[in-house]
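Taking it in order: structure first as structure tokens, then the write-up.
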Amino acid sequence: MDAQPSHTGADSAGANRIELLRHWILLILVLGLLGTVTELVLLEHYEQPLQFVPLVLIATAVGVLLWEVRRPDAASRRAVQIVMALFVLAGFLGFAAHFRGSAEYQLELNPDMSNWELLEKIVRAKAPPLLAPGMMLQLGLLGLAYVFSDSRFRRSEK
């Protein structure tokens, strides 16, 4: 029988590195949430009911992340996972909503434009900015990276 080599020192250093990265991910996520909510409020992104979705999600994310930081357990990690998955979904739905809103506006200005011209106008439009909801997608993926990099989460899933 071959003896198994001991990797406890390397395992510990690797675990410490992962925890440091998790802290950085959390910090970047929180900064992204604060920056995004600030921008949305300054842009008055609350004129229509659908525009409240990112604001509500961000407020929910801050609450869930506070819960996770103060009392990390399986329930808090699952809550972060669910909220971040909703961010990803909101990013895709926001993209569709921005696309539709921009298309309607462009067609009001010129109903005779070709599909290619319409697409070109939508992609270049400043209001609503087509790719802005991508920030929700990025924040959601960052939050999911934070959750799934938690060794306690991986252990509880086995």
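None of the figures in this text is laboratory data; all of them are computed from the coordinates on show. Everything quoted here is computed from the prediction, not taken from an experiment. Glycine gets a Cβ as well: all are built from the backbone with ideal geometry, and neighbour counts include every protein chain shown.
Think of the chain as a dipole: +1 on every Lys or Arg Cβ, -1 on every Asp or Glu Cβ, centred on the Cα centre; then among Leu34, Pro54, Leu131, Leu34 lies furthest on the positive end. Dipole magnitude for the stretch 10-157: computed about the Cα centre from +1 point charges on Lys and Arg Cβ and -1 point charges on Asp and Glu Cβ, it is near 700 debye. Counting every other Cβ atom within 10 Å of each residue's Cβ, Met135, Met113, Met84 order from fewest to most as Met113, Met135, Met84.
Applying the criteria of a DSSP loop state and at most 15 other Cβ atoms within 10 Å to the chymotrypsin sites (Phe, Trp or Tyr not before Pro) of the stretch 37-107 yields Tyr46.
Restriction of the GluC sites (Glu not before Pro) in the stretch 29-121 to DSSP coil positions whose beta-carbon has at most 13 other beta-carbons within 10 angstrom yields Glu44, Glu47. Mean-square fluctuations from a GNM of the chain, with a 10 angstrom spring cutoff on Cα atoms, peak among Ala61, Ala125, Ala85 at Ala125. Computed over the chain, relative contact order equals 30 percent, with contacts defined as Cα pairs under 8 Å that lie 6+ residues apart.
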